[in-house]
Every structure is written in structure tokens, then in C-alpha cells.
Amino acid sequence: MRYFLELSYNGKYFSGWQIQKNQISIQETIEKCFSLILRKKITIVGASRTDSGVNAFQMFAHFDYFSVLKKKTFLKKINFILPSYILIKNILSVKPKANARFDVISRHYQYRINLYKGPFLYNYFNFPFRNLNYVLIKKAVLLLTSIEDFSSFGKKQDINSFNTFKKCKLYSLTWQIRNRVIYIDIIANRFLRNMVRRIIGAFLYIGIRKIKLLEFFLYVKSNQILLSCPSVPAKGLYLVRIIYPKNIFNF
């Protein structure tokens, strides 16, 4: 039988989702705990390979097991032995070919920028420049909502894979300020590696006039990588929500 896990985690304490040699990853931590509880080697496949330091309010992963699991009992046992930085919120029975990674309809990421020092905002990105030009940033946002090729925001070493993976369908990109914190929400069907953090970095550089809007426009339209564009720290990035088609679930 195939199951979907719904979980959340604080990425501060891990090297990212993906299993890595000599590093503590979220995937490996969960697999070890599952294998211990179920007394069988369990391999899980995540919906997204989040980088080191990236957080998740909602993440999904799938795994296979030979018998029916008692949901309440299993959740109680697994959350007891998992570190407090990871929480399994739900377990869902799905169709045998359902895939947590490839069946995704949309992924919603949010980036949080703290404009002022605050003792409880340590998991946000602290940005020292408060005099941002929001008019320029809004123009940059409008430009991105009109394109599908996001090569400009990919990693240079991934250039050979752009022909296959460079296009993304952007559903929404919004920017707002609440209680001295900037929230940037991006929803798309998929994302290039490091794409969200480089987009945010470009917005901030435009806002402080370190990158001219025309320069940004020309690079994006010509699909050139923005080498002068910084990648903002991972700690301000949150995976908020993942949407799947309803017909993959066994209700």
C-alpha cells in the first residue's frame, strides 16, 4: 500500500531535505524513525527537495508499506521518537501510483524579511536597508508574472539542464508588509533550484537601486543568468502549501 505523509519541520537544524553524506537531513531522519517503528527498511520520496535551512509548514512525502496502518497509533509512536523539529501531522492512503513529487499541482513558498530587530524573528531574514523603493519592486513583480522561462534565476552549474527544466508556470506572486515584516508569496507548479531565493535577492537589489530595473528587464527577457543577483539566506524561506489532485487519494 502507498501512503502520503503530511509533515512540517524547522529547517534550521538540518542540511536540507535530501540525504547527504556526513550530513543530517530531514529525509534520512524520518526514514530511520519509520524503519525502527515499522521494523522494515522504509524509503520516502518528498514533494520538494528543500535546501539547508529552508522551513516547511506543509510538506508531503510518500512511502510504501505491505499492510494497513492504524493512523492514530502510528502518528503517536512516530512523533514520540522523531526530534521536536519535525512533526508528522497526518498519514493518508493514496492510489498505488500516486507520487508525492510528480503529482503536485502547485507549490506555495513564502519568504519573510524582518525590517527591524526583534527577539522572536530570528528565523526570518534581517534586512538592514529600510528605504526600499516599492514602486520599482512592484514593476519587477509585474514583469515576472508575464514570463514562463526563469533561466535568469537558476544556478550557473545547472545551465545544461535548462532546456528541459527552465520553464515554470507562475500562478501568483504577491508582496505585502505586516507588522514590520515583508511577506513575499510565490505559487507555481514547479521551481528551479534556488529560484525563489534569487528572485527575492533581485527584488531587494532593485529596491535599493543596486540593480537597475532596465538591466533586470533585459536579463530576464534574454534568459541570461543574473550573476550580480544575490541569493538571500535560506532561513527566511517557508514551504507553505502543496496542492494535489483529489483523485489520487483513497477517501
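Data table
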quantity: Stokes-Einstein D (µm²/s) once Rh is taken as the Kirkwood radius of the chain over alpha-carbon pairs, at 4 °C in 1.567 mPa s; calculated: 67
quantity: Average accessible surface area per residue within the chain, 1.4 Å rolling probe, Å²; calculated: 54
quantity: Rough spin-label spacing in nm, given labels placed 7 Å along Cα→Cβ, for Asp185 and Leu143; calculated: 2.5
quantity: Two-decimal Rg/Rh across the stretch 2-147, once Rg and the Kirkwood Rh are taken from alpha-carbon atoms; calculated: 1.06
quantity: Of all accessible heavy-atom area on the chain, the percent that carbon and sulfur account for (1.4 Å); calculated: 54
quantity: Shape of the stretch 209-251, Cα gyration tensor, a/c cut at 1.5; calculated: prolate
quantity: Residue-by-residue Karplus 3J(HN,Hα) for the stretch 235-246, coefficients 6.51, -1.76, 1.60, Hz, glycine and proline x; calculated: 5, x, 9, 10, 7, 8, 7, 10, 10, 10, x, 5
quantity: Net charge dipole size for the chain [Lys, Arg +1 and Asp, Glu -1 on Cβ; Debye, nearest 20]; calculated: 360
quantity: At R0 = 30 Å, FRET efficiency that the Cβ-Cβ distance of Asn133 and Phe57 yields, to 0.05; calculated: 0.50
quantity: Ordering of 78-84, 174-180 by burial proxy (mean other Cβ atoms within 10 Å per residue, highest first); calculated: 78-84, 174-180
quantity: Additional length obtainable on full extension of the chain from Glu215 to Lys117, 0.36 nm per residue less Cα span; calculated: 32.1 nm
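The values are calculated or read from the model by the stated rules, or taken from the named source; none is laboratory data. For clarity, every value in this text was computed on a predicted model and none was experimentally measured. Backbone-built Cβ (ideal geometry, glycine too); neighbour counts: all protein chains shown. For accessibility, only protein heavy atoms count, side chains too; no ligands or nucleic acids. Shrake-Rupley method; radii C 1.70, N 1.55, O 1.52, S 1.80 Å.
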